[in-house]
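Before any comments, here is the structure.
Nothing in this text is a laboratory measurement; each read-out follows from the coordinates by a stated rule. Source: prediction; values computed, not measured. Quick reminder, even Gly has a Cβ in these numbers, built from the backbone with ideal geometry, and neighbours come from all protein chains shown.
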Amino acid sequence: MTHAEHIPSHPPASLDQARQLAAALLSERGEASGALIARRLQQTMRALDADGRHGFQRYLASAFQPDAAAPQDAAKRYLADSTAAAAAALADAADPPRQEVLRRMNMAPGGTASLIAMRSEIAGRLGSEPELKLLDADLKHLFVSWFNRGFLELRRIDWQSPAAVLEKLIAYEAVHEIEGWDDLRRRLAPDRRCFAFFHPALPGEPLIFVEVALVQGLATAVPPLLVLDTDQDSAGLRAAHADTAIFYSISNCQDGLRGVSFGNFLIKQVVEELQTEFPQLKRFSTLSPIPGFRRWLGQQPKSGGNDVAVLDREGWWHDAATCETWRPVLMRLCAQYLTRSPASGNRIDPVARFHLGNGARLERINWLGNTADRAMAESFGIMVNYLYDHDSIERNHEAFARVGEIVRSPQVDALL
């Protein structure tokens with residue numbers, strides 16, 4: 001009698017039964033039987049309450065450890081005979097059985113989405129329950145493989161896209177909030193583009209999306225990019241005469257896929273799509289936030305040059321005298337913040353690290369580029385352009401990756 005025949009015919013709904021199913025899933029060798037157990041485990045997990053799911057996550061993290069003797073024996077064989085076969089045997093022996101359990105859980109319909117949701121749920125507990133880090137690491141390891149570039153599908157999202165996808169854009173926008181359907185319609189106008197990556201295991205669920213404005217010249221502020229203009233003909237003419245594509249918002253949609261990189265592939269492929277559609281485009285640039293600037297400045301020793309307590313006053317940016325006083329100070333300090341080399345052990349701004357690591361150039365720093373509450377709280381409203389120049393992307397990437405060089409324009413140097 002196989003393990004599958006021992007499984008109850010009705011979906012169980014207790015933590016103990018979920019544990020039993022997970023153990024049976026690992027011991028089952030037949031693919032059909034394994035798929036049946038995976039489906040029943042999936043049903044059980046859906047029926048668990050928050051405490052039950054937490055208990056099952058702890059069980060996955062603590063159980064299914066590799067046999068201590070097997071990796072040691074494999075390591076000895078590798079040291080004695082360092083062949084490719086011995087190296088493969090060592091890697092196989094060190095592979096935790098938990099990863100195989102997770103792979104088999106993925107055989108169930110909706111298994112991938114369930115595992116992504118699990119990783120999202122444990123994220124908040126990693127600090128207080130370090131034992132969950134093993135489960136988190138195994139999930140990330142598998143996701144990096146399952147969500148590699150070869151499986152991703154780039155799609156343009158426009159006003160004719162399914163309503164369910166459009167609703168997800170509104171829900172997932174993480175940089176500039178979409179304020180309802182009229183705002184979304186403007187962002188999908190003829191002089192705008194939105195592209196997203198999708199995966200076959202998550203139909204209808206964008207993984208990451210980027211919003212692009214087709215404009216003339218390098219955009220320095222967010223409001224003109226978001227202003228509502230319902231004249232479709234005018235928007236079409238603006239697209240036809242645009243010479244610059246501005247990437248003004250990139251949003252990751254699946255918290256459970258944090259640490260799995262999509263953005264670098266997305267930007268480069270979108271550049272290719274836009275060049276094909278609009279061959280007159282000469283520049284590809286971002287208009288990006290600087291989320292770490294104000295926090296970094298608050299950690300520096302206070303002096304007359306950076307004691308910014310006066311800027312806690314609401315609406316200070318409407319006062320011309322205050323702006324005239326603080327603009328040169330904050331622009332210089334922001335240039336210092338953005339040009340610190342990671343090779344010196346500095347913690348680089350996350351958005352800067354992403355774009356500089358992709359080969360972009362630090363092109364321009366823009367005073368009061370965004371006066372929304374979040375931008376004022378993070379960076380005093382300062383925004384930055386990272387320029388993607390096709391001829392220098394690889395060189396810039398290598399300079400940043402190898403020696404931590406921040407490739408920048410003379411305009412940024414002038415601020416320093």
10 Å binning of all Cα-Cα separations within the range 316-376, expressed as whole percents from 0 upward | 18, 46, 28, 9
Scan around Asp243 for amide H atoms under 5 Å from its own, H built in the peptide plane at 1.01 Å from N, and keep only partners 5 or more places away or cross-chain.
-> Val215, Gln216, Gly217
Alpha-carbon radius of gyration plus Dmax, which is the widest Cα pair, for the range 220-300 in Å | 16.4, 51
If you plug each phi of the range 143-148 into the Karplus form 6.51 cos²θ - 1.76 cosθ + 1.60 with θ = phi - 60°, what whole-Hz ³J(HN,Hα) values come out, in order, with x for Gly and Pro?
-> 5, 4, 6, 5, 10, 6
Can you list the equivalent-ellipsoid semi-axes of the chain, largest first and in whole Å, using the square root of 5 times each Cα gyration tensor eigenvalue?
-> 45, 27, 22
With a Cα-only, solvent-free Debye model of the range 220-262, what are the log10 I(q)/I(0) values at q = 0.14 Å⁻¹?
-> -0.55
Averaged over every viewing direction, what's the projected area of the C-alpha convex hull for the range 14-83? Give it in nm², one decimal, please.
-> 6.3
Cα Rg, Dmax, the range 273-363, angstrom units | 16.9, 51
The range 3-146: mean projected area of Cα convex hull, nm² = 9.6
Kirkwood-based Rg over Rh for the range 150-286 (C-alpha set), two decimals?
-> 0.94
Quarter of the Cα convex hull surface for the range 91-157, i.e. its orientation-mean projected area (nm²) | 6.3
Per the helix-only model, the chain has a calculated mean residue ellipticity at 222 nm (DSSP H runs of ≥4, -39500 (n - 2.57) each, divided over all residues, rounded to the nearest 500) of -15000 deg cm²/dmol
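Could you compute the net charge surrounding Trp317? Neighbours are other residues with a C-beta less than 13 Å from the C-beta of Trp317; K and R count +1, D and E count -1.
Numbers: positive: Arg313, Arg327; negative: Asp312, Glu314, Asp319, Glu324, Asp373.
Local charge sum for Trp317: -3.
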Counting as exposed only GluC sites (Glu not before Pro) in DSSP loop states with no more than 13 other Cβ atoms inside 10 Å, the longest exposed-site-free span of the chain is 180-313
For Lys268, counting only aspartates and glutamates whose alpha-carbon sits under 17 Å away and dropping same-chain residues fewer than eight positions off, the answer is Glu153, Glu211, Glu277, Asp389, Asp391, Glu394, Glu398
What are the ³J(HN,Hα) values, in whole Hz, obtained from phi via the Karplus relation 6.51 cos²θ - 1.76 cosθ + 1.60 with θ = phi - 60°, for each residue of the range 94-104 in sequence order, with x given for Gly and Pro?
-> 7, 5, x, x, 4, 5, 5, 4, 5, 4, 6
Please list the non-local residues whose amide H lies under 5 Å from the amide H of Asp389, H modeled 1.01 Å from N, same-chain partners needing a gap of 5 or more.
-> Arg361
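With an 8 Å cut-off on Cα pairs and a minimum separation of 6 or more residues, tell me the relative contact order of the chain in percent.
11
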Would you mind checking the tilt of helix 69-80 against the longest principal axis of the Cα atoms of the chain, expressed as 0 to 90 degrees and rounded to 10?
-> 70
In Å, descending, principal axis extents of the Cα set of the range 293-415 = 43, 28, 26
Amide hydrogen neighbours beyond the local backbone of Ile157, cut-off 5 Å, H modeled | Cys194, Phe195, Ala196
